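Notes follow the structure.
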Amino acid sequence: KPQENPVDVAIGIAESYLGYHEGANNKTIFGDTMHSIQPSNMDLNAPWCDAFVDFVILQMCKHFGYGDTTARKVLCGDFDDYTYNSVSLYKKAGRWSSTPHRGDQIFFGGSGHTGIVESVDSGTVHTIEGNKGDEVRRCGYNTSTPSIIGYGRPRYDLITGVMTSDDMPL
């Protein structure tokens, strides 16, 4: 399906879960699925914002006929539900930015929260986030919000085979 944009597919998958609520003790399809693939880095019933992003990227890769090995590469190395480990992977890969792009993974300091950038316009970054009030929901932030520590740029070029300026190391 090379004519499809992997960013659009990933965001469509994220949108399909809007309103999804966790069960008791943080139980979600995202945590269950990711734990079954990577039990060492994906704790069962843990806070699940990063598991949601990893799940979305995994499902996007499956849509294009790839598996978890490619999904790990798109995420710059591995699945991990500890957001600061995900930040480190993006930084090590040279895929860390202070400027948001559609499809980026947004990271917040303090709480260590994360989500997917749906769009950016007029100084506002629009996101889809898992574990936001115990559900998947849309949010919006001023791009100068102090709690935003940066953006990881997934390797969507591994799906399309085409590297654009957005895919270049930052």
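The values are calculated or read from the model by the stated rules, or taken from the named source; none is laboratory data. Being a predicted model, the structure only gives us computed values, none of them experimental. As a convention, Cβ positions derive from the backbone with ideal geometry for all residues, glycine included, and neighbour counts pool all protein chains shown. Accessible surface areas use protein heavy atoms only, side chains included; no ligands, DNA or RNA. Shrake-Rupley method; radii C 1.70, N 1.55, O 1.52, S 1.80 Å.
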Name the shape class, rounded, prolate or oblate, that the alpha-carbon gyration tensor gives for region 1-52, where a ≥ b ≥ c are the square roots of its eigenvalues, rounded holds for a/c under 1.5, and otherwise prolate holds if a/b is larger than b/c and oblate otherwise.
oblate
Would you mind classifying the chain by shape? Square roots of the alpha carbon gyration tensor eigenvalues, ordered a ≥ b ≥ c; an a/c under 1.5 is rounded, otherwise it is prolate if a/b is larger than b/c and oblate if not.
rounded
In percent, what relative contact order does the chain have, based on Cα pairs under 8 Å that are 6 or more apart in sequence?
25 percent
Between residue 33 and residue 82, the two model label points (7 Å from Cα along the beta-carbon direction) sit apart by a distance in nm of 2.4 nm
Looking at the square roots a ≥ b ≥ c of the eigenvalues of the Cα gyration tensor of region 59-124, which shape do they give, rounded for a/c under 1.5, prolate if a/b is larger than b/c, or oblate?
oblate
Å² per residue, accessible surface of the chain at 1.4 Å
45 Å²
Quick calc: nm separation of the 7 Å Cα→Cβ label points for residue 143 and residue 8 -> 2.3 nm
State the percentage of accessible surface on region 2-151 attributable to carbon and sulfur atoms; use a 1.4 Å probe and exclude ligands, DNA and RNA.
49 percent
